[in-house]
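Presented below is the structure to which this report refers.
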Amino acid sequence: MFAEPVAPSRSRSFAKTLSIALGVLSLVSVLSLGVGTYPISWGDFLSGSLGDTERSVLLSLRAPRVLAALAAGATFGVAGAAMQSLFRNALAEPGLLGVPTAAALGAATSLVFLSANSSFSLWPGALIGASVAMFALLAFIQRQHHGATAQLLLIGVALNAACAAGLALVTSLATEAQLRTLAFWMLGSFSNQSWGAVAAMISVSLLAMAMLLRDSRSLGALALGERTAKTLGVSLRGLRARVAIACAFAVAIVTAFCGSVAFIGLAGPHIARLLVGAQPSRVLPLAAVIGALLCVIADVIARALAAPVELPVGAITSFIGVPILLALVVSNARLRAERL
Amino acid sequence: MSLPPVLETHALNVVRNTTRLIDSLSLSLSGGRVLALLGANGAGKSTLLAALAGEFAATSGSIRLNGKPLEVYTHESLAEIRALNAVEPPLTFSLSVFDFVSLGRPFSEPQSESVRGALAECHATQWVNRDAASLSSGELLRVQLARSLYQLGNAPNSLWLLDEPFAHLDLAQRDFVLKLLRQIATTRRWAIAFSTHEPRDAIAIADEALLLRRGAAIAYGAPSAVLTNEQLTQCFETQLEYTS
């Protein structure tokens, strides 16, 4: 006899899981303030006797950096979870579908042709790039009937390739200084964030989270397929546009300031689903928290592992995300095989 | 004062790219009655059910639900009095049967009692904690039916549309679902319309049968009068000796 696969109703444990995750996130975030090339003593911090250098390191380097990691992680986590529900696909994620590459292309274009010269003035270009990519994806998806998994990923791959090619062309026209700014995109980093950038990221990330959470019940009904969701009272047209706009906007802003932070949009939601089941009303908030946690941890690793050399955080998140992706693909294949 | 029929169509036409999918169809179905739709593949059964469900606007003619034109209902108000069971894509993520059924009313908090009640009516309570993605097609159908029961609750004069609900069922499951539909129609005064390829299903539980060919009604009335050898032969354009 085989044991019956059980998916227990986990609503009671949801509040508990979310509070624990938030607790861990707060703890890790505070602790991470002390990690880096310049050590900060917790004794001095708690007794309020920090030196000027330490205070300045903490306030103008560490704090904005941790907050940027939190905002970026939460954004990618919640956007990934929402896109997976919207596209009805476990592999949908801003990165795999080419949204950050499109944002990078938009930003690079504005940098090279419109002489935008700091990360603060790159975000309109990034936003336009990300939005165009998101709506292109949606336009293709709406032509397909349900279950267009392969097509979606192929479109994502094509979009990614097209944007990468565009990026290569634009880069070849860039000056030395522009190239250095652009290199930042490819690697991803939470360092050197201004308080203005941090404020922008936090507000857009909270806004996107609020928008997506409002739609979490509609996204939940989409699990049954678009047709059934519609007969249950879900208005698909508005839903698609709202989710696309929220995701594109938040991902574009974060990408504009932090570059491409890979795989958080995949790892965050899938870990969240393992903990609380697949209902988006539970997955979305938890995916944001877990995404934030992964980013803060990745950032600590990035600045501590080879200090004083700083490692690109995008590479660290890939190292975390790739095994999760592979495990997912393998377990998915096994699940489908068992079902047949 | 007599209530209007739950469902009423008048001279309904659906045309897509110059192809007439539904051809001036008029029908009427009261609460407590069961209608069976029969016809060859491509005759328009699914199109008709989709039009009746309000999934798209008819090209011409009218559909009235409880006396009001279908167009005046919003998505949400329609979902309170009309349920549709059609083929659904496989689930992307695992979802407990409890959560699956509670999606019948996606915008309200799950009512545990009602969810379990709906599952009990479909003899599916034993799967309440199972992963819905792991159910067999017959089990899944029963859970989908429970979801529709939960969706509509006890509201009288609801319309329940089912597109080939028996397609993958064994004899015992088919018998169970037939009896369930009959019983729901009678006890809740719902109007139920289902499509099937099996005339026996219609004869077993339906009050009315509609035989479709190329979107038009060949015969419409009591199943015993509609499902005769002559009319089945005419409908399927093949000599059939079906009923004795």
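Observations on the model:
- Residue in the stretch B:140-150 that is touching a strand residue (DSSP E or B) at 6+ places or on another chain (Cβ under 7 Å) and aliphatic (A, V, I, L, M) present: yes
- Test: residue in the stretch B:41-53 that is small (G, A, S) and closer than 30 Å to A:S331 by Cβ: no
- When the stretch A:129-159 is filtered for residues that are within 17 Å of A:L182 (Cβ to Cβ) and at pLDDT 85 or above, only A:G129 remains.
- Within the stretch B:150-244, strands (runs of 3 or more DSSP E) holding 1 or more residues that are open to solvent by 10 Å² or more (accessible area, probe 1.4 Å) and over 30 Å from B:E80 (Cα atoms): B:208-213, B:216-221
- Among (1) without any contact (Cβ under 8 Å) to a residue 12 or more places away in the chain; (2) closer than 24 Å to B:P89 by Cβ - the single one B:P165 does not satisfy: (1)
- Number of residues in the stretch B:79-100 that are in a helix (DSSP H, G or I) and either aromatic (F, W, Y) or more than 7 Å from every other protein chain (Cβ to nearest Cβ) (or both) equals 5.
- Top-ranked residue in the stretch A:229-239 [being more than 8 Å from every other protein chain (Cβ to nearest Cβ) and more than 13 Å from A:R214 (Cα to Cα); ranked as surrounded by the most Cβ atoms within 10 Å (Cβ to Cβ)]: A:L236
- Among (1) of a type in the set (A, V, I, L, M, F, W, C); (2) farther than 22 Å from B:G54 by Cα; (3) at pLDDT below 95 - the single one B:L178 does not satisfy: (3)
- Every pair of residues 6+ apart whose Cβ atoms lie under 7 Å, when the first sits in the stretch B:222-238 and is assigned by TED's automatic domain parsing to the domain that holds B:E198 and without any contact (Cβ under 8 Å) to a residue 24 or more places away in the chain while the second is assigned to a helix (DSSP H, G or I) and open to solvent by 80 Å² or more (accessible area, probe 1.4 Å): B:S224/B:I203
- Only a single criterion out of (1) farther than 19 Å from A:A288 by Cβ; (2) within 21 Å of the chain's Cα centre (by Cα); (3) touching a residue at least 60 places away in the same chain (Cβ under 8 Å) is not satisfied by A:A244, namely (1).
- Taken together, the criteria place A:R217 among residues that are in a helix (DSSP H, G or I), within 14 Å of chain B (Cβ to nearest Cβ) and in contact (Cβ under 8 Å) with a residue 40 or more places away in the chain.
- Among (1) part of a helix (DSSP H, G or I); (2) more than 10 Å from every other protein chain (Cβ to nearest Cβ); (3) open to solvent by 30 Å² or more (accessible area, probe 1.4 Å); (4) not polar (S, T, N, Q), the one test that B:A58 misses: (1)
- Some residue of the stretch A:173-193 being at pLDDT 85 or above and closer than 24 Å to A:R303 by Cβ: yes
- Complete set of residues in the stretch B:95-146 that are under 20 Å from B:F176 (Cα atoms) and open to solvent by 60 Å² or more (accessible area, probe 1.4 Å): B:R116, B:H123, B:Q126, B:S137
- All positions within the stretch B:114-134 that are facing chain A (nearest Cβ under 9 Å) and part of a loop (DSSP other than H, G, I, E, B): B:V128, B:N129
- Selection within the stretch B:32-55: residues that are assigned to a loop (DSSP other than H, G, I, E, B) and surrounded by fewer than 20 Cβ atoms within 10 Å (Cβ to Cβ). The member of this set that is nearest to the other protein chains (Cβ to nearest Cβ) is B:E55.
- Among residues of the stretch B:101-113, those that are at the interface with another protein chain (Cβ under 8 Å from one of its Cβ atoms) and among the hydrophobic types (A, V, I, L, M, F, W, C), counted: 2
- Any hit, the stretch A:194-208, residues being surrounded by fewer than 24 Cβ atoms within 10 Å (Cβ to Cβ), over 17 Å from A:A130 (Cα atoms) and in contact with an Asp or Glu (Cβ under 8 Å, 6 or more places away or on another chain): no
- Tally, over the stretch A:10-51, of residues that are surrounded by fewer than 16 Cβ atoms within 10 Å (Cβ to Cβ), of a type in the set (G, A, S) and touching a residue at least 40 places away in the same chain (Cβ under 8 Å): 1
- Boolean, A:G259 is more than 14 Å from chain B (Cβ to nearest Cβ) and either surrounded by fewer than 24 Cβ atoms within 10 Å (Cβ to Cβ) or within 26 Å of A:I320 (Cα to Cα) (or both): yes
- Total residues in the stretch A:53-78, condition surrounded by 17 or more Cβ atoms within 10 Å (Cβ to Cβ) and touching a helix residue (DSSP H, G or I) at 6+ places or on another chain (Cβ under 9 Å): 18
The values are calculated or read from the model by the stated rules, or taken from the named source; none is laboratory data. Quantities reported herein were computed from a predicted structural model and do not represent experimental measurements. Positions of Cβ are generated from backbone atoms using ideal geometry, with glycine treated the same way; all protein chains shown enter the neighbour counts. Heavy atoms of the whole protein, side chains included, go into the accessibility calculation; ligands, DNA and RNA do not. Shrake-Rupley method; radii C 1.70, N 1.55, O 1.52, S 1.80 Å.
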